[in-house]
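The values are calculated or read from the model by the stated rules, or taken from the named source; none is laboratory data. In this text the structure is predicted, and so the values were computed from the model without any measurement. Heads up, the Cβs are rebuilt from the backbone with ideal geometry, glycines too, and the neighbour counts pull from every protein chain shown. These accessible areas exclude ligands, DNA and RNA; they are computed on the full protein's heavy atoms, side chains included. Shrake-Rupley method; radii C 1.70, N 1.55, O 1.52, S 1.80 Å.
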Number of protein chains: 2
Amino acid sequence: MRTLADLGEFGLIERIARIAQIAQIPGSVASSQVKLGIGDDAAVIRPRAGEDVVVTTDALIEGVHFRWRSQAAATIGRRALAVNLSDLAAMGAKPLACTLALAAPGGLGLRTLDGLVRGLTRAAHEHGCPLVGGNLARATTTSLTLTVLGVVPAGRALRRSAARAGDRIFVTGSLGGAALALARADLSGGQLRSVPVPRLAAGRALARLRARGACIDVSDGLAADLGHVLQASGVGAEIDLAAVPVPSGFARACARLGLDPGRLAAGGGEDYELLFTLRESAPRATALARRLGVAVSEIGRITRKRRLRGLPAGGWSHF
Amino acid sequence: MRTLADLGEFGLIERIARIAQIAQIPGSVASSQVKLGIGDDAAVIRPRAGEDVVVTTDALIEGVHFRWRSQAAATIGRRALAVNLSDLAAMGAKPLACTLALAAPGGLGLRTLDGLVRGLTRAAHEHGCPLVGGNLARATTTSLTLTVLGVVPAGRALRRSAARAGDRIFVTGSLGGAALALARADLSGGQLRSVPVPRLAAGRALARLRARGACIDVSDGLAADLGHVLQASGVGAEIDLAAVPVPSGFARACARLGLDPGRLAAGGGEDYELLFTLRESAPRATALARRLGVAVSEIGRITRKRRLRGLPAGGWSHF
């Protein structure tokens, strides 16, 4: 098996640049803002006048966030980008470019590397977010640290701190599905194939709404992430648990595995849906769904009193 | 000893944000372009009209780039930022903001964490490059992956590919000192205290020169990094090894340790000086030194023939 150590650092950079080039069709809209990509001391990006630059970083670490046995390399690469793009979506931003800091043992197979990079750069191409640079380092375990840059019209970024008492609370798509899939894969020893779809178009549509309030993506679970919004905004909330959207057949599937569907929907993380608030004057969920291009459910209200009611406690911490 | 695991993820983020706040005096020039810092899904930066955004990523990994025993935590934190800022310097860019992806075992002491963050954020403050966000993850070894954003007047970024036959070749400061210090610390078991000074002001001055050519920072050694410039530009070079600047007392110190000073100056990495070319019409080194605010030496010429002459082979690879 050929490994990273066989190629050397600069051979590796060339290999990654080549895979990235194949996946990223030149001349696409996004790449016209990339003035200099892989291969120099830094990449150069040109925002348009009136655009704020949004930057976010997230890491996937072997043994913590992924295992080679339970996911294909391409799925891991795709996922590494998707979780970062979800943060951009939560800001209402459009992706511009990404960098990858890859740390890996010298013994990592080149086919695995190719899979990681292919998964990542294919997703990057789909979302108009070309890989423009990064770093390679030797390490005992593999990790992918991605930094994603995006743009949002100046002053329009969606913040966690913008919820106000009286706001209505919404969520895109459905919650609990990722936690259920994980529980299933754990039990069966099967591979986890699903990758979250970052709600980029929905986030950009939200940033344009006059009634916009706070926004966050649901990575740690509804209760935990709503908690972040409430803390940042200095408010509370009342949630109608029955209104929290779940995937079809969810209750039955949970019952079969002996799981509490309410806890899973409120506490399970990694769905990467958008949780947001809008002022009272906002359209109804059905009209919003058309504007955002994704299913939208109204699940509660922001209250003056700093308490979260209606949800079982949940979420998870990285430490 | 209190550790990361005692605090939990959000307690840690608050702790880091507090240390960063103390080090970063609000209202400084740089922070007026930071519209949203630590604590949301992403940070928001506002470039000025006519500015290109420059982005670079570099990682320091325990056991590969640093050891707790041989460097103080604050030195490691400071170094992590410095090596990234050196990449900005090589682009001719001004720092704007940075993000930190920190991966660490739950058992890492809080005092060590504080030292890392303090070293990093103090350097960040000195260079006008506030810490605006990042990521925390559990891992078996500690690593710091920094991404730094900077700005450069549109179209003025210094590239590796801009060397032309006839260009004169220069280097700032002196080379070989970092390799010598490392050899000394290895032999004595002493701590490595020095941190490279990123040549930011010199890089910005270079980007404004009419005679500007290619530029790179010397991280892998003169021979290796000049090699990158030659390859990217499709040219060769002739170097006068005797003209390569070394620290004072260098030859004597090398002799004492049985090291070849020429090899160390040409092959030793991590000096983080700027290696650059200028068109023939450029001022002399003494005049340049005044413009760049740092010692400058002329060490050779770019040639049409794609060969590197006058240097012993050297440099190092990460794999």
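Some notes on this structure:
- Checked against the criterion of being modelled with pLDDT of 95 or more and part of a strand (DSSP E or B), the candidates A:V44, A:V53 yield just one match: A:V53.
- Residues located in the stretch B:200-243, provided they are β-branched (V, I, T), open to solvent by less than 10 Å² (accessible area, probe 1.4 Å), in contact (Cβ under 8 Å) with a residue 60 or more places away in the chain and not in a strand (DSSP E or B): B:V229
- Residue in the stretch B:237-246 that is more than 21 Å from the chain's Cα centre (by Cα) and under 17 Å from B:A178 (Cβ atoms) present: no
- B:A253 over 23 Å from the mean Cα position of the chain (by Cα), part of a loop (DSSP other than H, G, I, E, B) and either surrounded by fewer than 24 Cβ atoms within 10 Å (Cβ to Cβ) or polar (S, T, N, Q) (or both): no
- Taking every residue in the stretch A:124-136 that is more than 22 Å from A:P105 (Cα to Cα) and more than 14 Å from chain B (Cβ to nearest Cβ) and pairing it with any residue that is of a type in the set (S, T, N, Q) and in a helix (DSSP H, G or I), at least 6 positions away or on another chain, the pairs with Cβ-Cβ distances below 9 Å are A:G128/A:S31.
- Checked against (1) assigned to a loop (DSSP other than H, G, I, E, B); (2) among the hydrophobic types (A, V, I, L, M, F, W, C); (3) more than 24 Å from the chain's Cα centre (by Cα), B:V197 meets all criteria but (3).
- Flag for B:S248 being without any contact (Cβ under 8 Å) to a residue 24 or more places away in the chain and among the hydroxyl-bearing types (S, T, Y): yes
- Note on the stretch A:59-78: residues that are within 18 Å of B:D41 (Cβ to Cβ) and crowded, with 24+ Cβ neighbours inside 10 Å total 1.
- Among the residues of the stretch B:83-106, those that are more than 9 Å from every other protein chain (Cβ to nearest Cβ), farther than 20 Å from B:E14 by Cβ, touching a helix residue (DSSP H, G or I) at 6+ places or on another chain (Cβ under 7 Å) and not basic (K, R) comprise B:L85, B:G92, B:P95.
- Residue match in the stretch A:84-93 (condition: outside any helix (DSSP H, G or I), open to solvent by less than 20 Å² (accessible area, probe 1.4 Å) and over 26 Å from A:C215 (Cβ atoms)): no
- Unique match (being buried (at least 24 other Cβ atoms within 10 Å of the Cβ) and in a strand (DSSP E or B)) among A:L136, A:L102: A:L102
- Single residue of B:T121, B:T112 found to be open to solvent by 20 Å² or more (accessible area, probe 1.4 Å) and in contact (Cβ under 8 Å) with a residue 24 or more places away in the chain: B:T112
- The single residue among B:T147, B:T141 that is among the hydroxyl-bearing types (S, T, Y) and open to solvent by less than 10 Å² (accessible area, probe 1.4 Å) turns out to be B:T147.
- Residues satisfying the stated conditions in the stretch B:41-57, i.e. over 12 Å from A:A49 (Cα atoms) and either without any contact (Cβ under 8 Å) to a residue 60 or more places away in the chain or open to solvent by 30 Å² or more (accessible area, probe 1.4 Å) (or both): B:D41, B:V44
- B:E280 being open to solvent by 20 Å² or more (accessible area, probe 1.4 Å), acidic (D, E) and at positive phi: no
- Candidates B:G269, B:G227, filtered to the one that is within 16 Å of the chain's Cα centre (by Cα) and not hydroxyl-bearing (S, T, Y): B:G269
- Top-ranked residue of the stretch A:151-181 - restricted to ones that are among the β-branched types (V, I, T) and farther than 22 Å from A:A287 by Cβ, ranked as farthest from the other protein chains (Cβ to nearest Cβ): A:V151
- Taken as a whole, the condition of being in contact with a helix residue (DSSP H, G or I) (Cβ under 9 Å, 6 or more places away or on another chain) and part of a strand (DSSP E or B) does not apply to B:G115.
- Test: residue in the stretch B:227-235 that is in contact with a His (Cβ under 8 Å, 6 or more places away or on another chain) and within 14 Å of chain A (Cβ to nearest Cβ): no
- Filtered by the rule that a residue be touching a strand residue (DSSP E or B) at 6+ places or on another chain (Cβ under 8 Å) and either under 16 Å from B:P196 (Cα atoms) or part of a loop (DSSP other than H, G, I, E, B) (or both), the stretch B:56-73 gives B:D58, B:A59, B:L60, B:V64, B:H65, B:F66, B:W68.
- All positions within the stretch B:29-82 that are touching a Pro at 6+ places or on another chain (Cβ under 8 Å) and within 7 Å of chain A (Cβ to nearest Cβ): B:P47, B:D52, B:V53
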